[in-house]
Structure formats: structure tokens, C-alpha cells
Amino acid sequence: MKQQAVIKGLGFHVPERILTNQDLERLVETSDEWITTRTGIKTRHVISPGESLSDLTHGASLKALADAELPPEAITHILVATFSPESVIPSAACVLQDRLGLRGRMAQDISAACTGFLYALETARGLLALHPEAKILVCSGDVVTSRVNWEDRGTCVLFGDGCGAAVLTADDGGPRRTVLRDVALASDGALGDLLSVRGGGSGTIYKLGDPVGEEYFVQMKGREVFKHAVRSMTEVSRNLLERHGLTTDDVDVLLPHQANLRIIEAVGKKLGIPNERVFVNVHKYGNTSAASVPIALAEAVHGGFVQPGQRALLTAFGGGFTWAAALLDF
Ligand code: UT7
């Protein structure tokens, strides 16, 4: 039988600085009432000058390693899911590898926007199938606010910064383990223009001194993204359950991407999972892109929302488009 991958430890890190809806009322023409009723978001954490993604990946990694009761030196592979590495070269994974003092380990970035954590989990599963002795650090986070146009009220109120981390190993039958039972991944690049950050890629050539234009920031057709997000997360979740002969009655807890409370509730409703079994923290952090699902997972586990013996369904959707679901047995 194929060896199972297990999650040994979880942690997350968000910047200390908090932006409230009232703070945003002073920046753009918006209101706490609009943001709350349309998104459910009340606050978001944002980096301060001098802080960068590696402060978040490093902080989250140390917490996940402590939770796994493993020293950093035990890690053999480092995966970082992000669309906002602090540099094009070196990668976010290499920067983290250096900060952890883990010279010589494989270190690789994964780009799948808000779906990055689930893409990274599946990559880790593949690595564990090849190298059962591996101990894999998966970090998934973004400094979304570095790519937010603070003059665009349609996007700037939605996002926050953060990072979640997980340590994965092959199943050793030990007592403290969460089995990563399966992951389903999907994408559709034909819809890429509905949610994009084009600037900074090689498709946009800058000369020294060129001004930064709108293409440098997150551009989104919100209403259309909303519909695709609900449809895709519902569909991929159903497909994954069907693959295992399961239904949503076999799911104890739904941990969806935290982009918008209305999207979260619509996915729960379409899947027939009542609100009390759906984890929500979007009010505190906003949409943290790749960090959203692992922060939700860490908070759900450490806060007791999901209990040993239960099954969780994770699902995410993001730019690309990318979308995915995963099944975890606790
Ligand atoms: O991470 C994965 C990808 N991201 C998402 O999943 C986000 C998906 N989309 C959404 O969450 C929602 O579409 C939004 C929250 C972005 C927008 O909500 P909406 O209900 O779809 O509003 P809308 O874009 O259709 O805009 C409605 C109105 C517009 O005014 P008019 O044209 O009706 O006069 C907007 O100009 O709300 C206006 N508006 C705002 N008003 C106050 C847009 N942003 C704001 C704002 N404050 N911040």
C-alpha cells in the first residue's frame, strides 16, 4: 500500500500591525458597513516598513517545527507557496532556507496564488512517495499588501499579510499525526485575466526609471471571480469526496479559503455543510492569499474546532485560476 503523508506540526505568523475598516475609511471612499456586509472582514494584519515575507515564513516555520517537536536541522526539503517572494531571485524558499541555517537542502517556490498551500501539500506528498525518510517544511504565505493599489477601493479593503506552515513526514504510526488522505488540484489559465498581477513578470518589460502602472498591482473583476470561486470550490470538493466513495455527511469540518464570508457561506450551503461546521476567521485577517488555508487549519486544530477522530475538507481558489481540495483525517 502507498505510504500515507502525515502532518506533524502546524503554525502561523502574521505581522503585528493591524489595519481596521475605520483606518481604510480614511484612505479610500468606503465604509465599515460596506466592507462588513460585502466581505465579513473587520481587520487585517499588514507588514510594517522593514518587514518582509521571510519574517513571516521564518516565524511560521519555527512555530510549526516546535509543534512537530522537531529541530530545524531535521528538515530535508523546503517548499514555499507564494506569489509575493521578496525577490525574483533568490526564491522565497532559498531566503527561508538561509534564515533557518539549512544549507544544502532542496528549496523551491510554488506559485498557485491563494491555492498555493494545497498545491504545496500535493508536491510534498509526491516527494514523500519518492523519499519516505524526508521531513518536509511547507510554508504558504503572502505579503499581498505589497501588490495592492491603495487607491483602488475594490481591492485594497480585501487583503492582509500572513504565512502558515506545516511539517510533513511519511506516516510512522506515531500518536500525534494528521493523515493527508488525498488532494485534488485544478487550473484554468484561460480565465487568468479575471484576477492578475502582470507587472514584474517578463511580459512587462521595464526600463530603469519607468513609473509603476496599475498592472503592477492586484487587478480583479470581483463579481466574476466570486462566481467562479463558489462553483470551483464546490465542484472540486465533491469530486474529491466521490473519488473516495464519501459524501459531505462524512465530513466533520469544512476549512475553506478565507476570501469573503459570503463565498464561504455559499460553498458551505452548496455542499450541504451547516455554518457551525465551517471554520471562519476572515473577519480577523482578510484574504491572506496563500496563507489563508494554513492559518485557518492551524487555528482550527490548535483552537479545538477540529478534534482527533474527525475528518476535515479543505478547499481553496485563487488567481490563475487555480483551485483545489484536500481531505485530512485527524
Ligand atoms: O482570493 C481569491 C480571489 N478573490 C475573491 O474570491 C474575491 C471575490 N469577489 C468578492 O469577494 C466580491 O466580488 C467583492 C467583495 C470584491 C465585491 O463585492 P460585490 O458585492 O461583488 O460588489 P461589486 O464589485 O459588484 O460592487 C458593488 C458596488 C459598486 O458600486 P456601483 O457600481 O454599484 O455603484 C462598487 O463601485 O460597490 C462599490 N464598491 C465599494 N463601495 C464601498 C466596490 N468596492 C467598494 C468599497 N467600498 N471598498
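Listed conditions (1) more than 18 Å from the chain's Cα centre (by Cα); (2) assigned to a helix (DSSP H, G or I) are all met by residue 49, apart from (2).
Out of 213, 245, one residue alone is away from the ligand (no atom under 16 Å from the Cβ) and more than 26 Å from residue 160 (Cα to Cα). It is 245. On the stretch given as region 54-100, residues that are under 30 Å from residue 175 (Cα atoms), crowded, with 19+ Cβ neighbours inside 10 Å and acidic (Asp, Glu) total 1. Listed by position, the helices (runs of 4 or more DSSP H) inside region 219-321 whose residues that are among the small types (Gly, Ala, Ser) and touching a helix residue (DSSP H, G or I) at 6+ places or on another chain (Cβ under 8 Å) number at least 3 are 222-243. Quick check: is even one residue across region 157-164 without any contact (Cβ under 8 Å) to a residue 12 or more places away in the chain and of a type in the set (Gly, Ala, Ser)? The answer is no, given that none of the residues of region 157-164 is without any contact (Cβ under 8 Å) to a residue 12 or more places away in the chain and of a type in the set (Gly, Ala, Ser). Restricting the first member to region 219-232 and to residues that are assigned by TED's automatic domain parsing to the domain that holds residue 197, and the second to residues that are within 8 Å of the ligand (Cβ to nearest atom) and of a type in the set (Ser, Thr, Tyr), the beta-carbon pairs closer than 9 Å and six or more apart or on different chains are 219/155; 220/155; 222/155.
When region 20-42 is filtered for residues that are away from the ligand (no atom under 13 Å from the Cβ) and crowded, with 16+ Cβ neighbours inside 10 Å, only 42 remains.
Picking from residues in region 173-200 that are surrounded by 12 or more Cβ atoms within 10 Å (Cβ to Cβ) and part of a loop (DSSP other than H, G, I, E, B), the one that is nearest to the ligand (Cβ to nearest atom) is 197. Out of (1) within 13 Å of the ligand (Cβ to nearest atom); (2) farther than 26 Å from residue 44 by Cβ, what's the single condition that is false for residue 323? The single condition residue 323 does not satisfy is (2).
Scan region 129-146 residue by residue and report those that are within 12 Å of residue 77 (Cα to Cα) and surrounded by 24 or more Cβ atoms within 10 Å (Cβ to Cβ). 136, 137, 138, 139, listed by residue number. Listed by first and then second residue, the pairs linking a residue in region 20-43 that is closer than 17 Å to residue 145 by Cβ to a residue that is surrounded by 16 or more Cβ atoms within 10 Å (Cβ to Cβ) and aromatic (Phe, Trp, Tyr), with Cβ atoms under 8 Å apart and 6 or more places separating them unless they lie on different chains, are 43/285. Scanning region 285-320 for residues that are more than 13 Å from the chain's Cα centre (by Cα) and within 16 Å of the ligand (Cβ to nearest atom) yields one hit, 320. Among the residues of region 128-171, what is the count of those that are under 26 Å from residue 216 (Cβ atoms), of a type in the set (Ser, Thr, Tyr) and more than 16 Å from the chain's Cα centre (by Cα)? Residues flagged as under 26 Å from residue 216 (Cβ atoms), of a type in the set (Ser, Thr, Tyr) and more than 16 Å from the chain's Cα centre (by Cα) within region 128-171 amount to 2.
The values are calculated or read from the model by the stated rules, or taken from the named source; none is laboratory data. Remember, predicted model here, so these are calculated numbers, not experimental data. Counting neighbours? That spans all protein chains shown, and the Cβs are built from the backbone with ideal geometry, glycine included.
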